[in-house]
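So the structure is just underneath, and the comments pick up after that.
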Amino acid sequence: MELIFLVEDNSNLREAISSYLLLEGYRVKEFSVLEGVIESVKNLEPSLIILDVMLPDGDGFLLTKKIREYYETPIIFLTARDSESSRITGFEIGGDDYLVKPFSTRELVLRVKALLKRSSKTKPKHQVNSWKYNNNTLVLDIDSHTALLNSKELFLTATEWKILEYFTSSAGILLQRQKLLTACLDYSIDMSERTIITHIKNLRAKLDDPGWIETVRGFGYRFKGVVNED
């Protein structure tokens, strides 16, 4: 059963949309403001987001930009803005559909179905990747966020997983600490490079052989694993 996020501050409209979606068999998580949406997207990974553009605590377009940094979740905008420039902006920042208020709730549900059908056809196959270093084999199951070293599961924190996944997707490439901070952590100006150094130290300990991750002094790090073709 697919999960849909509904972000709408008008309680009557939100209730009407939610009721239709529930009748169609979808699970619905409702929000009346933007607060908490990003964190919930990370934790729950919804199949689709219905997003009001104008909300009490912010702009839905700005939220979409943040979501698109990490996720390709289909997004349908709901808004009273019917100008061509607003529509163009919505699509340029990553929106998949744009519905101007007032609208038919039934039409919205049909658009939801069409988007979900389209996105399911373009979903990548279950992705499992494998690397070798010395006599060790590392396997990452991207969908389940599971890492195995020589067939034994590694118990990684969420941040360690992000770092390891980023390293493996950039195998052989020199990565600066600042880039790792930005890509793998909720970066803020208060963070120092010591933060990423600590995480990599812990990750190396779990990988058993520190040689998986090479330190290039004065520059950053390089993942030394080689893709396992077996």
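The values are calculated or read from the model by the stated rules, or taken from the named source; none is laboratory data. Predicted model only: the values in this text are computed from it and were never measured. Because the Cβ atoms are built from the backbone with ideal geometry, glycine has one as well, and the counts that use them run over all protein chains shown.
Scanning the range 147-170 for residues that are more than 16 Å from Val227 (Cβ to Cβ), of a type in the set (Ser, Thr, Tyr), within 18 Å of the chain's Cα centre (by Cα) and exposed (fewer than 15 other Cβ atoms within 10 Å of the Cβ) turns up just one, Thr157. Residues in the range 53-86 that are touching a Lys or Arg at 6+ places or on another chain (Cβ under 9 Å) and either closer than 19 Å to Cys184 by Cβ or surrounded by 12 or more Cβ atoms within 10 Å (Cβ to Cβ) (or both): Val53, Met54, Tyr70, Tyr71, Pro74, Ile75, Ile76, Phe77, Leu78, Thr79, Arg81.
Within the range 8-27, is even one residue in a strand (DSSP E or B) and surrounded by 15 or more Cβ atoms within 10 Å (Cβ to Cβ)? The answer is no, given that none of the residues of the range 8-27 is in a strand (DSSP E or B) and surrounded by 15 or more Cβ atoms within 10 Å (Cβ to Cβ). Reported count of residues in the range 91-139, each being in a helix (DSSP H, G or I) and either at pLDDT 90 or above or charged (D, E, K, R) (or both), is 17.
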